[in-house]
Amino acid sequence: MREQSRYHGMLQILQYNRSMYVMTAAASVAAILVITLVPMPRLLAALATAGVAVAVLWSVSSLLVSHWVYDRSTLGRWDWLAGLFPASPRRWVSVHAGLDETFGALARIFPAEGGTVLDIYDAEEMTEPSIVRARRLSLDRHATAADFRALPLAGASQDAVFLIFAAHELRRPESRLRFFQEIARVLAPGGRAVLVEHLRDGRNFLAFGPGFVHFLGRREWLRLAAAADLAVREDFRITPFVAVLVLEKRA
């Protein structure tokens, strides 16, 4: 049990993206058999071998980076969140898409009685197979189902909103903008939203290969913040692969 918890995050990534890893492994084995058994020009064989090597390397690196980020770094201990607020938020909400492993930590760091958890999963908006599989395996059944277009929270009612690896699941730009406008609506003046995401950048490309397109670029998050009139108060990374933006509602 102790050993499993040490690799919990990496194993989750493997489980939620199982079909991708299986397909990569099967394609690599098939390619190796073709290269070995079928006569072909030397250059073509070299290119095919390089392609297999790159595919295997990305599969391995994605798991190793996931282990570093989720199991070995300070990210998953979450205590660093407390330092992002001038005063501890009394009313806060954690918003996710059906998979949430942070509420226990948030309730330990901030007043538990002031916490709310919302599940904004929308099957028409969130079409990635990985999120469907994640919900089936690890659905948070204690969260309140919510429409991201109209969160069930009063205006200016929250001191903090936590968006931890969830906002990128909204694949359409207009949907993300509507969601960020809702975040701004429910935040009290001076309240802060904490956005935690991988970015679509060179570092994540090296780690995850083509899978990095599932993430969004830093420019997009900054665009959404500006459009919702949220000021960027902090912008930093935890490991080279995860970005944290602290967005504040102007008083």
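Some notes on this structure:
- Projecting the alpha carbon convex hull of segment 75-179 along each direction and taking the average yields 6.9 nm².
- The chain: relative contact order as a whole-number percent, Cα under 8 Å and 6+ apart: 17
- Restricting the GluC sites (Glu not before Pro) of segment 81-133 to loop positions (DSSP other than H, G, I, E, B) with no more than 14 neighbouring Cβ atoms within 10 Å leaves E124.
- Taking all Cα-Cα distances within segment 2-72, those exceeding 21 Å account for 40%.
- Taken over the chain, the convex hull of the Cα atoms encloses 140 Å³ per residue.
- Per-q log10 I(q)/I(0), segment 180-220, q = 0.29 Å⁻¹ (Debye; single scatterer per alpha-carbon; no solvent): -0.94
- Structure-based [θ]222 nm, the chain - -39500 (n - 2.57) summed over DSSP H runs of at least 4, per residue, nearest 500: -13000 deg cm²/dmol
- Relative intensity of segment 53-131 on a log10 scale, I(q)/I(0) at q = 0.12 Å⁻¹, equals -0.52, per a Debye sum over C-alpha point scatterers of equal strength in the absence of solvent.
- Segment 61-85-segment 199-251 distance, computed between alpha-carbon centres (Å): 16
- Taking other C-beta atoms within 10 angstrom as a stand-in for reagent exposure, V196, V95 fall in the order V196, V95, fewest first.
- Relative to the longest principal axis of the Cα atoms of the chain, the long axis of helix 129-138 lies at roughly 60 degrees.
- Segment 1-128 gives an Rg/Rh value of 1.17, both radii derived from C-alpha positions and Rh following Kirkwood.
- Helix axis angle, 218-227 relative to the chain longest principal axis, alpha carbon, degrees: 30
- Residue-wise HN-Hα couplings along segment 109-121, as the Karplus relation 6.51 cos²θ - 1.76 cosθ + 1.60 with θ = phi - 60° gives them from phi, are 7, 10, x, 4, 5, x, x, 9, 10, 10, 10, 9, 4 Hz; Gly and Pro carry x.
- For the peptides 29-38, 72-81, 219-228, the ranking by mean Cβ contacts within 10 Å, running from highest to lowest, is 219-228, 72-81, 29-38.
- Restriction of the chymotrypsin sites (Phe, Trp or Tyr not before Pro) in segment 155-201 to DSSP coil positions whose beta-carbon has at most 12 other beta-carbons within 10 angstrom yields no sites.
- Three-way shape call for segment 112-251 based on the alpha-carbon gyration tensor, with the a/c threshold at 1.5: oblate
Here, each number is a calculation from the coordinates, and none is a lab measurement. It should be emphasised that the depicted structure is a prediction, and the values quoted were computed from it without experimental measurement. All Cβ positions, glycine included, derive from the backbone under ideal geometry; neighbour counts span all protein chains shown.
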